[in-house]
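Colleague: Structure below; questions to follow.
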Amino acid sequence: MNNYLTQVFKNTAKLSKLVYHIGELEELRKPSNEVKIELIKTLEIKKVITDLKATLKKYRKLSGKGRGIAAIQRGIPLKIAVVYSFEKVITIINPKIIKTSAENYLYPEICMSANPIIAPLKRPGWIEFEYLDEDGIKQKWNKKDSTKETKILNRVFQHEIDHMEGIINIDKVSSKTLIFESDPEFYEKAKFEEVKINK
Ligand SMILES: [Zn+2]
């Protein structure tokens with residue numbers, strides 16, 4: 001095996017223990033349960049959130065990537081995810097999408113549970129959604145500006161909300177379009193910029 005491939009698989013192996021992968025856990029493709037509001041501030045839920053934050057931090061340290069993680073990726077079937085947002089980590093619980101942009105964008109997405117497969121996936125440019133934070137307080141996400149950070153976050157939130165419904169990004173695209181990071185031409189094929197798609 002050439003050096004490049006060896007490196008990709010070494011990196012994949014290094015990260016593999018941090019999350020469940022497709023084929024390893026059936027629940028990855030099943031909807032998670034809502035968290036009961038009265039349980040949000042309990043030790044049990046706090047432990048889940050702390051674990052998710054620590055895992056995401058570790059993943060980013062080892063790989064230099066990873067923007068969000070859903071509880072089911074750690075084998076916990078609850079609607080909880082943590083996401084890196086503007087230099088801080090935010091927790092979303094029981095999110096509900098209330099509005100979706102008409103415009104769609106294509107972007108090569110990575111999922112920790114399908115690494116090293118990349119899914120070039122079309123998603124709405126932004127969403128508005130309500131969620132509970134880790135104190136059980138109702139919050140709303142409605143950022144739509146065109147900064148790179150906001151655009152990425154709108155995509156990451158959609159990715160994590162999909163996880164809570166048992167959907168993995170590779171399930172939403174034709175298998176023919178999937179790209180493998182082990183492909184030596186990977187960086188040429190996967191242009192890491194959003195492309196606007198006309199409906
Ligand atoms: Zn994912």
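The values are calculated or read from the model by the stated rules, or taken from the named source; none is laboratory data. Since we're looking at a predicted model, the values are computed, not measured. Heads up, the Cβs are rebuilt from the backbone with ideal geometry, glycines too, and the neighbour counts pull from every protein chain shown.
Colleague: Would you tally the residues in region 22-33 being part of a loop (DSSP other than H, G, I, E, B), out of contact with any Gly (no Cβ under 9 Å at 6 or more places or on another chain) and exposed (fewer than 14 other Cβ atoms within 10 Å of the Cβ)?
Modeller: Here is the first cut: in region 22-33, the residues part of a loop (DSSP other than H, G, I, E, B) are 22-25, 30-32.
Then drop every residue that is not out of contact with any Gly (no Cβ under 9 Å at 6 or more places or on another chain), which leaves 22-24.
Filter again for exposed (fewer than 14 other Cβ atoms within 10 Å of the Cβ), leaving 23-24.
Going through region 22-33 one residue at a time, the tally reaches 2.
Colleague: If I go through region 148-173 residue by residue, how many of them are under 16 Å from residue 101 (Cα atoms) and in contact with a Gly (Cβ under 8 Å, 6 or more places away or on another chain)?
Modeller: Of the residues in that region, 5 qualify.
Colleague: Another one. Give the residue, chosen from 8, 19, 83, 48, that is modelled with pLDDT under 90 and either surrounded by 14 or more Cβ atoms within 10 Å (Cβ to Cβ) or within 15 Å of the chain's Cα centre (by Cα) (or both). Please lay out each step first, then the result.
Modeller: Values: 19 fails: modelled with pLDDT under 90; 83 fails: modelled with pLDDT under 90; 48 fails: modelled with pLDDT under 90.
Going through 8, 19, 83, 48 in turn, the sole match is 8.
Colleague: Separate question: Restricting attention to region 28-48, does a residue exist that is within 16 Å of the ligand (Cβ to nearest atom) and among the aliphatic types (A, V, I, L, M)? Don't jump to the end; show me each part of the working.
Modeller: Applying the first criterion (within 16 Å of the ligand (Cβ to nearest atom)) to region 28-48 yields 28-32.
Now drop any that are not among the aliphatic types (A, V, I, L, M), which leaves 28.
Checking region 28-48: at least one residue is within 16 Å of the ligand (Cβ to nearest atom) and among the aliphatic types (A, V, I, L, M).
Colleague: In this structure, does residue 71 turn out to be out of contact with any Lys or Arg (no Cβ under 9 Å at 6 or more places or on another chain), within 28 Å of residue 13 (Cα to Cα) and small (Gly, Ala, Ser)?
Modeller: Numbers: out of contact with any Lys or Arg (no Cβ under 9 Å at 6 or more places or on another chain): no; within 28 Å of residue 13 (Cα to Cα): yes; small (Gly, Ala, Ser): yes.
Taking the combined requirement at face value, the residue does not satisfy it.
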